[in-house]
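One structure is given here, and the rest of the page talks about it.
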Amino acid sequence: MKIAFVGKGGSGKTTLSSLFIRHLVEQALPTLAIDADINQHLATALGSTEEESLTLPTLGEHLPLIKDYLRGHNPRISSAEAMIKTTPPGAGSRLMSVVEDNPIYSACMRDVGGARLMVTGPFTDEDLGVACYHSKVGAAELLLNHMVDGIGEYVVVDMTAGADSFASGLFTRFDLTALVCEPTLRSVGVYRQYLNYAKDFGIRIAVIGNKICDADDLAFLREHVGENLLCWIGRSAHVRAAERGDVRPIADLEPDNRRALATIQEALDAVTRDWVTYQRQAVEFHVRNAKAWAGEDLVAQIDPDFILLPDTESGQPVELATRP
């Protein structure tokens, strides 16, 4: 299953992402974590030192490798250079799972806190003033378009703040979007903006209350987000220690907060992915990007006969068994 953590800047989405990742890892569940936030703090939240986090390989610097590998032998894609962030898979493309070994993982993935972590990468000096952050996130979108996560596998993405993820089709790649919301008008405003943008795409949004101190905080969120409030995290000594660099075992998290993580997992596990819609949305956003800026000739990259369909016995998409 794929889950994204989104929310207002400073709402605690990186903290919630790291807690949920560690909750999955403790259960020995295969977990792929992707830091797609411009601030790139997920590694340290998972227990890496600042120095170690600065040496992590990035998806951005390995974009040519990513494109070349995913292109595979797809005859509709003339070259790796012709691929853009929305290029969907087709017959001959290479697909990815969470647990396999492949050149992309070898180059871009590192084990941090028991999770398989990949980071999009921060701005470099060369990017300043000439590049937008979506050039970094595009690598993550390509990966998720080609990701065939199987039963019991999880992909957890810490997204950039606010509604920036709507600048691409990345927001449609998730089975559940966990919107981290503080009991403040500004945070609720981001929730309403996200809800408005997502309403026409069938996006499942669950609000996770954060920094809840008392009954008034909870009542405020219930008033403004209603039934979308899935659960909430209270003020936590465990989290405060982690923010000081003291990352303690997830088993030491306060019981109520630990139950909130289990509630998120239950909501995610309850989703049945609509593979037809998943592929259709990837195609729709590729067409939009081709016509808007990349060149309408790239519409020809779409394989109209290709779709990922799960095998009824294994739960794995059929195409996984036949990839080159």
Problem set entry | Criterion: more than 19 Å from the chain's Cα centre (by Cα) and either on the phi > 0 side of the Ramachandran plot or open to solvent by less than 50 Å² (accessible area, probe 1.4 Å) (or both) - qualifying residue of 276, 207, 225, 271 | 225
Problem set entry | Condition met for residue 190 (closer than 26 Å to residue 223 by Cβ, at pLDDT below 95 and in contact with a strand residue (DSSP E or B) (Cβ under 7 Å, 6 or more places away or on another chain)) | yes
For this session: Residue by residue through the range 163-186, note down the ones that are acidic (Asp, Glu) and either in a loop (DSSP other than H, G, I, E, B) or touching a His at 6+ places or on another chain (Cβ under 7 Å) (or both).
Result: 175, 182
Problem set entry | Pair list, Cβ under 8 Å, 6 or more apart: the range 283-296 residue under 19 Å from residue 307 (Cβ atoms) and among the aromatic types (Phe, Trp, Tyr), other residue assigned to a helix (DSSP H, G or I) and open to solvent by less than 20 Å² (accessible area, probe 1.4 Å) | 285/169; 285/172
Exercise. Would a scan of the range 195-204 turn up a residue that is touching a Pro at 6+ places or on another chain (Cβ under 8 Å) and in a loop (DSSP other than H, G, I, E, B)?
Worked result: no
For this session: Just give me the residues in the range 93-113 being crowded, with 18+ Cβ neighbours inside 10 Å and of a type in the set (Lys, Arg), in sequence order.
Result: 94
Problem set entry | Count of residues meeting criterion [open to solvent by 10 Å² or more (accessible area, probe 1.4 Å) and at pLDDT 90 or above] in the range 157-175 | 1
For this session: Could you list, in sequence order, all residues of the range 210-222 that are open to solvent by less than 60 Å² (accessible area, probe 1.4 Å) and free of Cβ contacts under 8 Å to residues at least 60 places away in the same chain?
Result: 212, 217, 218, 219, 220, 221
Exercise. If a residue has to be acidic (Asp, Glu) and closer than 12 Å to residue 136 by Cα to count, how many in the range 32-73 make the cut?
Worked result: 3
Seminar exercise, completed: By my count, helices (runs of 4 or more DSSP H) wholly in the range 1-108 with at least 2 residues that are out of contact with any Ser or Thr (no Cβ under 8 Å at 6 or more places or on another chain) and small (Gly, Ala, Ser) are 13-26, 103-108
Seminar exercise, completed: Pairs returned, first residue in the range 15-34 that is aromatic (Phe, Trp, Tyr), second residue that is not in a helix (DSSP H, G or I), beta-carbon separation under 9 angstrom, 6 or more apart or interchain, are 20/3; 20/5; 20/154; 20/156; 20/178
Exercise. Has the range 296-309 got at least one residue that is closer than 25 Å to residue 6 by Cβ, crowded, with 19+ Cβ neighbours inside 10 Å and either of a type outside the set (Asp, Glu) or at pLDDT below 95 (or both)?
Worked result: yes
Exercise. If you check 175, 252, which single one turns out to be more than 16 Å from the chain's Cα centre (by Cα), closer than 21 Å to residue 25 by Cβ and of a type in the set (D, E, K, R)?
Worked result: 252
Problem set entry | Residue that is modelled with pLDDT under 95 and of a type in the set (Phe, Trp, Tyr), where the choices are 154, 69, 133 | 133
For this session: Return only the number of the condition from (1) modelled with pLDDT of 90 or more; (2) outside any helix (DSSP H, G or I); (3) of a type outside the set (Asp, Glu); (4) crowded, with 17+ Cβ neighbours inside 10 Å that residue 286 does not satisfy.
Result: (2)
Problem set entry | Residue in the range 14-37 that is among the acidic types (Asp, Glu), in contact with a Leu (Cβ under 8 Å, 6 or more places away or on another chain) and open to solvent by less than 40 Å² (accessible area, probe 1.4 Å) present | yes
Exercise. Can you pull out the residues in the range 228-238 that are open to solvent by less than 30 Å² (accessible area, probe 1.4 Å) and either out of contact with any helix residue (DSSP H, G or I) (no Cβ under 7 Å at 6 or more places or on another chain) or closer than 15 Å to residue 195 by Cα (or both)?
Worked result: 229
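The values are calculated or read from the model by the stated rules, or taken from the named source; none is laboratory data. As the structure is a computational prediction, the values presented were derived from the model and not from experiment. No Cβ is skipped: glycine too gets one built from the backbone with ideal geometry, and neighbour counts run over all protein chains shown. Surface areas here come from the heavy atoms of the whole protein model, side chains and all, with no ligands, DNA or RNA. Shrake-Rupley method; radii C 1.70, N 1.55, O 1.52, S 1.80 Å.
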